[in-house]
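Asker: Pasting a structure below so you can have a look.
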Amino acid sequence: MKKILFTICCICVAAFSFGQSNDAYKFYPTNWWVGMKMNKIQVMIHGDKIADHFPMIKMGPKGTKLAKGVNLVAINRVENPNYVFLDLVIDATAKPCKFTFPFVKDITLEYELKPRRKNLGKDFAQGVTSKDFIYLILPDRFSNGDESNDRIPGMRDQSLRRDTVFNRHGGDFKGIQNHLDYLEQLGVTTIWLNPVLENDMPNRTEHGYAFTDHYTIDRRLGGEKAYQELIDATHAKGMKIIQDAVYNHVGLYHITVQDQPMKDWLHQWDTYTNTTYKDQVIFDPYASKKDVKQMTDGWFTKQMPDLNQNNPYVANFLIEHAIWTVENFGIDGWRIDTYAYNDLEFMNRCNKALMDEYPQLTIFGETWYHGVPNQSYFVQNNYNIPFKSNLQACTDFQTLWGITDAMTKDFGWTDGVNNLYTTLAQDFVYKDPTRNVIFLDNHDMARFYSVVGENLDKYKSSLSWLLTSRGIPQTYYGDELATTGTTSPNDGYVRLDFPGGWKNDAINKFTIAGRTQTDQAIYQHLATLANFRKTSSALTTGKMMQYVPEDGVYVYFRYDNKQTVMIVMNTSKTDKKISFEKFAERTTGFTKYKDVLTKTESELKEFNLGTYQTVVLELLK
């Protein structure tokens, strides 16, 4: 008789056998833990006619006892006999153990309950706050620390060419781990990685957003072991890790697409139907049902089938994986891709399950929309409306549009820096705007240094805003240098390799010697502000006061009872004289200031500020 070891605590989903290797059956999730608030789980088993191994059995009122405190309450057979879904209840009396399913025919399944991770909220699931500074990394393009995993036999994408943006380049977890000192010195406190799950698609796999196995960390990045080592090393430095979640869709080669458990596992259409990408229909009181359905149920691309989260089996599969990942690897937060395209009631349920289990965990969603009402609808807000989102925060595209206008458009009643001012003036709609993640660019957008026409003053001003405004600042790998790139003709051009991340690179920009003068100016600017911010109570947890922009000059303060920081941004095409008298409400009682970037001290007297320059001043008594 074959014996398959059924565990739920390892990201490499595997079926084990005693005496004979057997990969015929896979289990999702691969194990669970005792003492979890989510003590009712549904385990999906996949394999050739697995349902035939499960006879009809008579269960008692509490189900069938499998171990102390563990009961099987349902065996769910679905349309496809290659799947079976087991409902388990694990009560408070359960202990770490392994147990079998004695009624299963021909094979013996053994399942493991493990003890939970220790130090919840301290060593893992810590959450990310406005005290943090996030650094977004596309692992394939940052650094290659282990060339042995560049190609994995049997995987569909065997490309490995650094001279084209369309192929894999070989970056991995070890490469990131090798440069944790660099990130720490830059002032980074949190690393956000683009998706790390297996993406066994035929091409364009560098971005990772088309999962093909939820329980396998991509082996080309180093697999489960290297991922855990990176997380542990990051935590050892007092830094945090955010993982990228994708609930809306999977890759075309995901097992549940190639061998669907049931027809309605995916959103099905008579002919291929793409989403409209029109978020407005979700909250539009006049929207047609047709438009709503196409927005939410249409596929993101032909290569990314849309999951039906109204199917309870799908919902359980996704929620359990999210919780399993936190407990198994010890991550500190989630960024959720394509938030509005999900079923929002499902997302509320998923978010709640995570927050119930991990109260300090951070969850923020991608909200690539236009307009504060649009964006705030999808997060915790102060609206009195039928649907209330429980999403903590978002990637704040509205402030991105604001700072972009400030640096690229002439000052006007609603244009230029007035757009940024007006956007922040609408923060009253958010339950907590300080949790929003503010940024200048990311893996899908033009590098901001290119957006501002490679104008150093504009770019440094934008970085100054990023590290002093309300919210959680996030930068994208390479933004600390004069990195250029646009999404035309292809988004791969904003995902270029970090120079020095590969052993044969002619230039190493991880070091001062490898940087140009402009690189170093940007690096020093960012690092100085980021490290100042670490110990600045005003910038991390203080209040904010902004003044109406005048003639292109925008002034705001971050302050508390310990510290006051004044930020002056000149978005005019001419130099401006700045007087402190206009801002007496916040400057009274102070006699001088210290320029955070130059370290020089001066009296509170009128000063000249150059075009598109910004100063960050700590006021002193």
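The values are calculated or read from the model by the stated rules, or taken from the named source; none is laboratory data. Fair warning: this is a prediction, and the values are worked out from it, not measured in the lab. Methodologically, a virtual Cβ is constructed for each residue, glycine included, from the backbone with ideal geometry; neighbour enumeration extends over all protein chains shown. The protein model used for the area step is the full one, side chains on, heavy atoms only, and it has no ligands, DNA or RNA in it. Shrake-Rupley method; radii C 1.70, N 1.55, O 1.52, S 1.80 Å.
Asker: Taking the Cα centroid of the range 42-90 and of the range 533-553, what is the distance between the two, rounded to the nearest whole Å?
Answerer: 57 Å
Asker: Mind listing which GluC sites (Glu not before Pro) in the range 548-621 are in a DSSP loop and have 12 or fewer other Cβ atoms within 10 Å?
Answerer: Within the range 548-621, the qualifying GluC sites (Glu not before Pro) (loop, at most 12 other Cβ atoms within 10 Å) are Glu606.
Asker: Give me the extension gain from Ala527 to Asp432: residue separation times 0.36 nm, minus the current Cα-Cα distance, reported in nm with one decimal.
Answerer: In short, 31.5 nm is gained.
Asker: Quick one: how many Å² of Arg349 are accessible to a 1.4 Å probe, rounded to 10?
Answerer: Roll a 1.4 Å probe over it and Arg349 shows about 120 Å².
Asker: Related question: Relative contact order, percent, of the chain when contacts are C-alpha pairs under 8 Å separated by at least 6 residues?
Answerer: 11 percent
Asker: I've got another one for you. Given Cα pairs under 8 Å that are at least 6 residues apart, what percent is the relative contact order of the range 42-186?
Answerer: Computed value for the range 42-186: 16 percent relative contact order.
Asker: Another question about this same structure. Heavy atoms only, probe 1.4 angstrom, no DNA, RNA or ligands counted: give me Lys582, Lys278, Lys114 ranked by accessible area, highest first.
Answerer: Lys582, Lys278, Lys114
Asker: Keeping all protein chains in position, work out how much accessible area Val70 exposes to a 1.4 Å probe, and write it in Å² to the nearest 10.
Answerer: For Val70, solvent-accessible area is about 0 Å².
Asker: May I pose another question? Could you rank Met566, Met56 by how accessible they are, 1.4 Å probe, largest area first?
Answerer: Met56, Met566
Asker: Given a 1.4 Å probe and every protein chain left where it sits, what share in percent of the accessible area of the range 518-621 is carbon and sulfur?
Answerer: 48 percent
Asker: So which chymotrypsin sites (Phe, Trp or Tyr not before Pro) in the range 28-106 end up in coil per DSSP with only 16 or fewer other C-beta atoms within 10 Å?
Answerer: Loop-located and lightly packed - Phe103.
Asker: Then there is this: What does the accessible area of Arg161 come to, in Å² to the nearest 10, when a probe of 1.4 Å is used?
Answerer: Its heavy atoms expose roughly 120 Å² to the probe.
Asker: When only the heavy atoms of the protein chains count and the probe is 1.4 Å, how do Phe532, Phe411 rank by accessible area, highest first?
Answerer: Per-residue accessible area, sorted high to low, gives Phe411, Phe532.
Asker: Whole angstrom only: what separates the Cα centroid of the range 305-338 from the Cα centroid of the range 417-456?
Answerer: Rounded to whole Å, the Cα centres lie 28 Å apart.
Asker: Let me ask another. Within the range 162-231, report the chymotrypsin sites (Phe, Trp or Tyr not before Pro) that DSSP leaves as loop and that have at most 14 other Cβ atoms within 10 Å.
Answerer: Those that pass, being in a loop and sparsely packed, are Phe166.
Asker: With unit charges on the beta carbon (Lys/Arg positive, Asp/Glu negative), name the residue among Ile137, Asn381, Ser462 whose Cα is farthest towards the positive pole of the charge dipole of the chain.
Answerer: Asn381
Asker: Accessible area per residue for the chain in Å², computed with a 1.4 Å probe and the full protein assembly in place, what is it?
Answerer: For the chain, the solvent-accessible area averages 40 Å² per residue.
Asker: Summing -39500 (n - 2.57) over the DSSP H runs of n ≥ 4 in the chain and dividing by its residue number, what mean residue ellipticity at 222 nm do you reach, to the nearest 500 deg cm²/dmol?
Answerer: Mean residue ellipticity at 222 nm (helix-derived): -6500 deg cm²/dmol.
Asker: Same structure, new question: Can you give me the % of accessible surface on the range 370-445 that is carbon or sulfur? Probe 1.4 Å, all protein chains present, nothing else counted.
Answerer: The nonpolar share, carbon plus sulfur, comes to 55 percent.
Asker: Looking at the chain, send over the antiparallel percent of its DSSP beta bridges, to the nearest 5.
Answerer: The antiparallel proportion sits near 60 percent.
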